[in-house]
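A.B. asks: Sharing a structure below in structure tokens format, with a few things to ask.
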Amino acid sequence: MSLSILGTGSALPKREAANEEFTQIVDTSDEWIVSRTGIRTRRVITDETLTKLATEAGRQALLDAGVAPGELDLILCSTIQGDYITPSLANLVQRDLGADCPAYDINAACCGFIYGMDTAQAYLSSGKARRVLLVSAEHMSKYLDWTDRATCILFGDGAAAAVLGAGEALQYISLRSMGQTESLRIPCMTRRTPFADVPDEAETPFLHMHGQNVFKFAVSACAEGIRRALDTLKLTPDDIAHFLIHQANGRILDAVRRELGQPIEKFPSNLEYTGNVSSVSIPCLLDEMNRKGLLKRGQRLLLSAFGSGLTTGNCVLIWEK
């Protein structure tokens, strides 16, 4: 027994930040951003909370699945961090949905949704759960250095969710971790205490990224992970209806597509108007396609993510809704 996706949902902040606004913040232009990333606009949190967005995404997924909050056996939230260090974001989603089940967070950066699916599968296949709500929610804008044009233009905020149940849709899932901080990290905020001083050269608690390293890792890890999944299942890229790749950068998506020799139509993207929303990007795209009727029962989907850690995650599933 593996799992099936019973319903999807998403919630984005109301505030849209187009590329033109960034020309007033850093030395950049709409043409520069679009040509290097494929992003034209993104959503950013203003007066919302991440808890509110995560709860709404979860509520939409429950409605789509026809599952009541009281039927949930587990809530998982993939997030770098919720509105608090503690309690967890999942605990607050559980409270606001009115569910009565265990809830906890998973931090696997941009791979969080696929890591969460793997965790949910363990609960479902063991019989410890029948219904699991998996919510991905990220507030990336609060971690950005708004003087760094190479990173502040890339990210957006939002939440997306899926209700998972026991089933046979998940045909393959694989996770990998290669621990390092050089390519991508967000340092903790450090404070002096009576027992320790903060070094004068302590890093600022903003996202630090080596773009070229991340690009090379993303393309090679994604293409290699996809090929491993297909080889394991004795499939070819032609057998996949849609490749849902982490929406990090348009150039990365194009490079992976060329590696696989597949048409652009099989690589859906919402990067242009969401930016990189870390672990939210794949479930948000999945929900968008679901609600637009672009997913057909019986289609085979391949999900692939890569991110800080460094982490990778790949899965193949059959769409059964």
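A.B. asks: Considering each residue of the range 166-193, count those that are touching a residue at least 12 places away in the same chain (Cβ under 8 Å) and either hydroxyl-bearing (Ser, Thr, Tyr) or within 30 Å of Asp73 (Cα to Cα) (or both), and give that number. So that I can check it myself, show each step before the final result.
C.D. replies: Filtering the range 166-193 down to residues touching a residue at least 12 places away in the same chain (Cβ under 8 Å) leaves 166-180, 182-190.
Narrowing the set further to residues that are either hydroxyl-bearing (Ser, Thr, Tyr) or within 30 Å of Asp73 (Cα to Cα) (or both) leaves 166-177, 183, 190.
Within the range 166-193, residues that are touching a residue at least 12 places away in the same chain (Cβ under 8 Å) and either hydroxyl-bearing (Ser, Thr, Tyr) or within 30 Å of Asp73 (Cα to Cα) (or both) number 14.
A.B. asks: Additional query: Can you tell me which of Arg251, Arg297, Arg257 is part of a helix (DSSP H, G or I), touching a Phe, Trp or Tyr at 6+ places or on another chain (Cβ under 8 Å) and free of Cβ contacts under 8 Å to residues at least 60 places away in the same chain?
C.D. replies: Numbers: Arg251 fails: free of Cβ contacts under 8 Å to residues at least 60 places away in the same chain; Arg297 fails: part of a helix (DSSP H, G or I).
Only one candidate passes the filter, namely Arg257.
A.B. asks: So is Gly70 buried (at least 23 other Cβ atoms within 10 Å of the Cβ), in a helix (DSSP H, G or I) and not aliphatic (A, V, I, L, M) or not?
C.D. replies: no
A.B. asks: Could you check, for the range 51-63, whether at least one of its residues is closer than 16 Å to Gly116 by Cβ, touching a residue at least 24 places away in the same chain (Cβ under 8 Å), of a type outside the set (Asp, Glu) and assigned to a loop (DSSP other than H, G, I, E, B)?
C.D. replies: Within the range 51-63, not a single residue is closer than 16 Å to Gly116 by Cβ, touching a residue at least 24 places away in the same chain (Cβ under 8 Å), of a type outside the set (Asp, Glu) and assigned to a loop (DSSP other than H, G, I, E, B).
A.B. asks: Next question. Check Ala150, Ala122, Ala129 and return the single one that is of a type outside the set (Val, Ile, Thr), outside the structural domain of Leu285 (by TED's automatic domain parsing) and either assigned to a loop (DSSP other than H, G, I, E, B) or buried (at least 24 other Cβ atoms within 10 Å of the Cβ) (or both).
C.D. replies: Working: Ala150 fails: either assigned to a loop (DSSP other than H, G, I, E, B) or buried (at least 24 other Cβ atoms within 10 Å of the Cβ) (or both); Ala122 fails: either assigned to a loop (DSSP other than H, G, I, E, B) or buried (at least 24 other Cβ atoms within 10 Å of the Cβ) (or both).
After applying the criteria, what remains is Ala129.
A.B. asks: Another question, if that's okay. Has the range 189-199 got any residue that is within 26 Å of Gly9 (Cβ to Cβ) and either surrounded by 14 or more Cβ atoms within 10 Å (Cβ to Cβ) or more than 20 Å from the chain's Cα centre (by Cα) (or both)?
C.D. replies: No, the range 189-199 contains no residue that is within 26 Å of Gly9 (Cβ to Cβ) and either surrounded by 14 or more Cβ atoms within 10 Å (Cβ to Cβ) or more than 20 Å from the chain's Cα centre (by Cα) (or both).
A.B. asks: Hey, another quick one. Can you tell me which of Ala11, Ala57, Ala65 is among the aliphatic types (A, V, I, L, M), on the phi < 0 side of the Ramachandran plot and touching a Ser or Thr at 6+ places or on another chain (Cβ under 7 Å)? Reasoning before the result, please.
C.D. replies: Numbers: Ala11 fails: touching a Ser or Thr at 6+ places or on another chain (Cβ under 7 Å); Ala65 fails: touching a Ser or Thr at 6+ places or on another chain (Cβ under 7 Å).
The match here is Ala57.
A.B. asks: Every residue in the range 194-218 that is without any contact (Cβ under 8 Å) to a residue 12 or more places away in the chain and assigned to a strand (DSSP E or B), please. Lay out the reasoning, then the answer.
C.D. replies: At the first step, the residues of the range 194-218 found to be without any contact (Cβ under 8 Å) to a residue 12 or more places away in the chain are 194-201, 212, 216.
Selection gives Ala196 alone.
A.B. asks: Examine the range 14-29 for a residue that is in a helix (DSSP H, G or I) and among the basic types (Lys, Arg), and state whether such a residue exists.
C.D. replies: No: zero hits.
The values are calculated or read from the model by the stated rules, or taken from the named source; none is laboratory data. Computed from a prediction, not measured in an experiment: that's the story for all the values here. Neighbour counts run over all protein chains shown; Cβ positions are idealised from the backbone, glycine included.
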